[in-house]
Every structure is written in structure tokens, then in C-alpha cells.
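Working notes, structure below.
The values are calculated or read from the model by the stated rules, or taken from the named source; none is laboratory data. Given the structure is predicted, the values throughout are model-derived calculations rather than measurements. All Cβ positions, glycine included, derive from the backbone under ideal geometry; neighbour counts span all protein chains shown. Remember, those area values only see protein heavy atoms, side chains included, never the ligands or the DNA or RNA. Shrake-Rupley method; radii C 1.70, N 1.55, O 1.52, S 1.80 Å.
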Amino acid sequence: MRTIKITMCLTFISLFFACQNSTKEQQLAEKEKELLQRENELLKKELGKTDSISDKTEIETSAFFVDQSVVKKSFLEYLPNISGGRKLSNSVIKLGDLNGDGLIEGVVDYGLEPTWEDNGGGGNAISEIPGIIVFVNSGKALTIQDHSEEFGGNFGSRNELKKISNGVIFLEGLEYADDDARCCPTLKTTTKLVLRNNKITELK
């Protein structure tokens, strides 16, 4: 009888410790599961941050980047179409937003060396043949919007591109005073141009 009691006690103790161990293992398993869930949530957040940064970078760098070298390259590629074989004597490039779309455009003020024929077969009546070209940024490429020789200036003085500000192209030149010789105008002038209906237009 005593042996049976001892056996029962030992069995009860074994079951008690087994239950205790099982409970601890279950608690540990639950904690491990909870930690794993937290790690997964943190990982998702980190991945989410990375994706958002990547998307932002793509958006910021998706617009076509324009600087003076890009405008100059486009101008030199187009020059043979308007030069008539004449040499380029000078060019000035200015950058700015011309149409209010937030993208940078380019304007080129250029001068070509006149040929013997341009000067009527002799003399030096024309010192330079000027022109202005506007390049517009579509966000993907730089394209020619308009080309004009209308705003070159007077004999003896040509208009010069100075700046682009608030969508306005500023040219500075000289006009004739009443007693100026034909060679030498002395009145300083400012000509303002805008891109209107895709055409270079003087702002009065």
C-alpha cells in the first residue's frame, strides 16, 4: 500500500513538472512568435521607406536636365540648317523657364560671319548676321521652338542677350540719336521678348 502511494506521488510530481515545462514551452513559443511578428512589421516598414525613397528619387531625376552644355550641343547640331555655310562668330546662351512649366529652357543669341555676297560683293556693310533660337524643354528632350533674325539690332550695333527673368528674354542694344552717325548709335535700349503661341514675340 505504501509503495502504491509513493508511486502515485511520484507520478503526480512528474505530471506537475511536465505541465510546468509544457506551459513554459508554450509561453516561449508565443514570445518567439510575437517577436517574429514584430521583426516582420519592422522589416515591412523599412522596405516601405526604401521604396518610397526610390520612387521619390526617380521622380526627381525623371525630368530632362538642361544646362548650358546641353543647349550648346543642340544649337551646334542645328546650326548647319540656318548658317548657309557661314561661320559662327559668337554665341551667348541663357537659361530660364520661358513657359511657366517649371522646366529650364535655353535661348541662344548667335552671330554669323557674313560672306562676300552678303556684303554685295565688297566693302563691309554687314559686320555680323544675328539671330535668336529658343529651345524648349519637354521634360524628356530639348527641342527648337522658334528661330528669329528679326531682333538682331541696327547697322553698327546688334542686340545682345543679357538674361531670362520671369519668362521674359532681355536684349540690350543701341538705337540712333538724331545726330548719330550711321556707324555709331548711342542710345541704350532694352528689348523684351516672350514666347507667345510658340513664337518669339516682342513685349511692348
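Looking only at residues of the range 156-188 that are of a type in the set (D, E, K, R) and farther than 30 Å from E105 by Cα, we find that the one that is least open to solvent (accessible area, probe 1.4 Å) is D180.
Scanning the range 98-109 turns up no residue that is surrounded by 15 or more Cβ atoms within 10 Å (Cβ to Cβ), at pLDDT 90 or above and out of contact with any Gly (no Cβ under 9 Å at 6 or more places or on another chain).
The residue pairs whose first member lies in the range 72-86 and is more than 18 Å from D146 (Cβ to Cβ), whose second member is surrounded by fewer than 12 Cβ atoms within 10 Å (Cβ to Cβ), and whose beta carbons are closer than 9 Å, counting only pairs six or more residues apart or on different chains, do not exist in this structure. Quick check on L88: is it touching a Phe, Trp or Tyr at 6+ places or on another chain (Cβ under 7 Å) and open to solvent by 30 Å² or more (accessible area, probe 1.4 Å)? Answer is yes for this residue.
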